[in-house]
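Data block below; observations after.
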Amino acid sequence: MSHARPLSVLAGALRRRGADVHFACAPAFEHLAQEAGVGFEPLTVTRNANTGVAEATEQDAREAARLAEFLDATREGAVPALLAQARHRRDDMLADPDGVLDALRTTDRRLRPDWYVVDQLGYPVTLALHCLGVPYATFCPGHPGYVLSGPDAYFGVPYAWPDALRPDPERLRELGAAARQNDEAFTALFAAFARRHAPSRPAPGRAFALTSSHAVVYAYPAFRWLPAPPPGPVHLFAGHMAAPPDPLDSPWEARLKALRSPGRRLVLVALGTFLSARDDVLRTAVTGLLDGMPDVSVVVAAGERAAALAGLAGERAVVVPSVPQRALLEQADAMVYHGGSNSFTECLRAGVPAVVLPFSSDQFSVARDAERAGAGVVLDPNALSPADVPAALRTLWRTVSPRMPELAAAVRRRGPDWAAAELLEAMGRRKPAH
C-alpha cells in the first residue's frame, strides 16, 4: 500500500494532464485505480502481500513466518532488522521474472503504451521493461537513496544515520558485506535473465541501480544534503505524492472535538503497515503522552494490535486499527511515527512536526533528513521510556514548530500535479526507443 497509493496519485495527476493511463498492480489495489480515474491492469510482482495492515493481510505460511522473523529482528536493533531484510530480499526481489515478463509483453501488445512508469522497487518489472526495450520512467516511492547514487552506494544500507542511532562499526561492516553480496547476486541473476530473453539488448548492469535513462520521479523534497543522483535522466523531486485529504466524516469530527476539549493539543501516533505490530513501542509512547502531558490527547493507529491496546482508550485517547491520516494531520499538533517516507512528506505538507522512531528499511535515512531539515526529533524505539516522547514533544513545540510553515510551503509548491507536468515534458523529449 505504501508504494501503490502514491503511484496511483501520480497516475491520477497524469490523467488530469490529458494522458490515457492504466495502473498495473496487484488485484487487491484495483480500488486505487478507480479512485484515480484510470484503467486497471492486474499484475502481481512479489509473493509478499501488503494491503494496508500487514498482519491482517492474507499471507502464505512462509511469508507470515518471514514477517514474524522481521518483527523479532526489529526488537534487536537497527542492524539486525536491516540484515533480516537483506536475507528476505534474496527471495522477494525476483520472485517470478518470467511471469512478469510474459504479463508485460502481453499487456504491451494489447495496449501499446507510449511509455511506462515503474516503481523503483519493482525490480522484476524494471528488468522486464529493459528486456522488452520499451521506454519507461522510474518512480522512487521512498527515500531518494533507493536510486543508487554511485558505485559505493548499496541498497539496504542507509546513506546516513540519525544521532540517536549510531550502530557499532563492526555491525555496519557486517551490513555492508550482506548488501554487497545481494548486489552481486542480483546483478548476476539480472544479467543471466537478460541474456536468455533479450540477448541483443545492452546488459542491465547493477541490478539495484537499474533505473530509467529518461526520468526519475521522487516523492520527496530535494534537500541540498542528499547524495547527488546518478547522471543521465531528468531528476524530478516532487516534494510529496499525497492527494488532498478527503473531509473527515461526522464521527471523526465528533471524536476530535471531544479530544481537543478543553484546549488540548492533538498528537497522532502511527507506526505504519508492518510496524504497528510493535505494540510495545506504541504502548510506551502513548502511556508516556497520557501520563506525562495532561494537556495532550492522542489518536493511535494500532493496526491488528488495536484490541490489545484498547485499555489505553479513554477521554483523551482514541485507539483504532487505522485512521484517515492525511485528514487528521490537518488538525494535529504533532505526530509520532516510524520514519516512513509517506508519513514524513505528509507531515511536511501539513506543517506538522514529528517524533520519529525508525526501525528498518529507509527509515533511518528519512529520520536523519527529518533531523537535518528541522522537522522532527529522532528517538531509538528500542530504548524508549515513557518520559522520552513528552520530552521530545516539548522540544518540538519549542524549537521545531516555528520552522514548519516554511517547510510546508516549500513542499506544497510541487506535488503530484507538478510532477505529472514535468514528467510528461521529460518523456516527450526522450529519443525514440530503438
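The values are calculated or read from the model by the stated rules, or taken from the named source; none is laboratory data. Just so it is clear, the model here is predicted, and its values are computed rather than measured. Cβ sites come from the backbone with ideal geometry, for glycine too, and all protein chains shown count toward neighbours.
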Query raised in the report: How many of the residues making up the range 102-117 are in contact (Cβ under 8 Å) with a residue 40 or more places away in the chain and either part of a loop (DSSP other than H, G, I, E, B) or under 27 Å from Gly142 (Cβ atoms) (or both)?
Result: 7
Report summary line: Here the residues within the range 353-386 that are over 14 Å from the mean Cα position of the chain (by Cα), assigned to a loop (DSSP other than H, G, I, E, B) and touching a residue at least 60 places away in the same chain (Cβ under 8 Å) are Leu357, Leu379, Asp380, Leu384, Ser385, Pro386
Query raised in the report: Within the bounds of the range 162-172, is there any residue that is assigned to a helix (DSSP H, G or I), surrounded by fewer than 21 Cβ atoms within 10 Å (Cβ to Cβ) and in contact (Cβ under 8 Å) with a residue 40 or more places away in the chain?
Result: yes
Requested in this report: Given the conditions (1) surrounded by 13 or more Cβ atoms within 10 Å (Cβ to Cβ); (2) free of Cβ contacts under 8 Å to residues at least 24 places away in the same chain; (3) closer than 16 Å to Leu148 by Cα, report the number of the one that Gly232 does not fulfil.
Outcome: (1)
Query raised in the report: In the range 227-254, how many are among the charged types (D, E, K, R) and either modelled with pLDDT under 95 or not in a helix (DSSP H, G or I) (or both)?
Result: 2
Query raised in the report: Right, Gly133: at pLDDT below 95 and more than 23 Å from Ala78 (Cα to Cα) or not?
Result: no
Report task. Tally the residues that are more than 19 Å from Gly145 (Cβ to Cβ) and either surrounded by fewer than 24 Cβ atoms within 10 Å (Cβ to Cβ) or not hydrophobic (A, V, I, L, M, F, W, C) (or both), restricting the search to the range 351-372. Result -> 2
Query raised in the report: Restricting to the range 1-34, what's the tally of residues that are of a type outside the set (Lys, Arg) and part of a helix (DSSP H, G or I)?
Result: 18
Query raised in the report: For the range 334-343, does any single residue satisfy the condition of being polar (S, T, N, Q), in a strand (DSSP E or B), touching a strand residue (DSSP E or B) at 6+ places or on another chain (Cβ under 8 Å) and assigned by TED's automatic domain parsing to the domain that holds Arg394?
Result: no
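For Val323, indicate whether it is among the aliphatic types (A, V, I, L, M), surrounded by fewer than 24 Cβ atoms within 10 Å (Cβ to Cβ) and assigned to a loop (DSSP other than H, G, I, E, B).
Yes, satisfied.
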Query raised in the report: Does the range 252-271 hold any residues that are surrounded by fewer than 23 Cβ atoms within 10 Å (Cβ to Cβ) and under 23 Å from Ser401 (Cα atoms), and which are they?
Result: Leu256, Lys257, Leu259, Arg260, Ser261, Pro262, Gly263, Arg264, Arg265, Leu266
Report summary line: Pairs returned, first residue in the range 176-195 that is over 25 Å from Gly133 (Cα atoms) and of a type in the set (Gly, Ala, Ser), second residue that is outside any helix (DSSP H, G or I) and modelled with pLDDT under 95, beta-carbon separation under 8 angstrom, 6 or more apart or interchain, are none
Report summary line: Counting only residues in the range 118-147 that are part of a helix (DSSP H, G or I) and closer than 12 Å to Val45 by Cα, the one farthest from the chain's Cα centre (by Cα) is identified as Ala128
Report summary line: Scanning the range 35-80 residue by residue, those at pLDDT 50 or above, assigned to a helix (DSSP H, G or I), out of contact with any Lys or Arg (no Cβ under 6 Å at 6 or more places or on another chain) and aliphatic (A, V, I, L, M) turn out to be Ala36, Ala61, Ala64, Ala65, Leu67, Ala68, Leu71, Ala73, Ala78
Requested in this report: Report whether or not Val389 is assigned to a helix (DSSP H, G or I), touching a helix residue (DSSP H, G or I) at 6+ places or on another chain (Cβ under 6 Å) and closer than 23 Å to Phe70 by Cα.
Outcome: no
**Report entry** All positions within the range 279-308 that are closer than 22 Å to Gln331 by Cβ and part of a loop (DSSP other than H, G, I, E, B)
**Finding:** Met293, Pro294, Asp295, Ala302, Ala306
Query raised in the report: Residue check: is Val352 under 30 Å from Gly156 (Cβ atoms), at pLDDT below 95 and either assigned by TED's automatic domain parsing to the domain that holds Gly145 or among the aliphatic types (A, V, I, L, M) (or both)?
Result: no
Query raised in the report: With respect to Asp333, is the statement that it is surrounded by 18 or more Cβ atoms within 10 Å (Cβ to Cβ), more than 30 Å from Ala153 (Cβ to Cβ) and not β-branched (Val, Ile, Thr) true?
Result: yes
Query raised in the report: Residues of the range 94-116 being touching a Leu at 6+ places or on another chain (Cβ under 7 Å) and of a type outside the set (D, E, K, R), which ones?
Result: Leu94, Pro97, Ala103, Leu104, Tyr116
Report summary line: Among residues of the range 173-199 being in contact with a helix residue (DSSP H, G or I) (Cβ under 9 Å, 6 or more places away or on another chain) and within 30 Å of Ser385 (Cα to Cα), the residue surrounded by the fewest Cβ atoms within 10 Å (Cβ to Cβ) is Glu174
Report summary line: Flagged pairs (Cβ under 6 angstrom, 6 or more apart or on separate chains; first in the range 7-34, over 21 Å from Leu423 (Cα atoms) and among the hydrophobic types (A, V, I, L, M, F, W, C); second at pLDDT below 95 and not in a helix (DSSP H, G or I)) are Ala26/Thr44; Ala28/Thr51
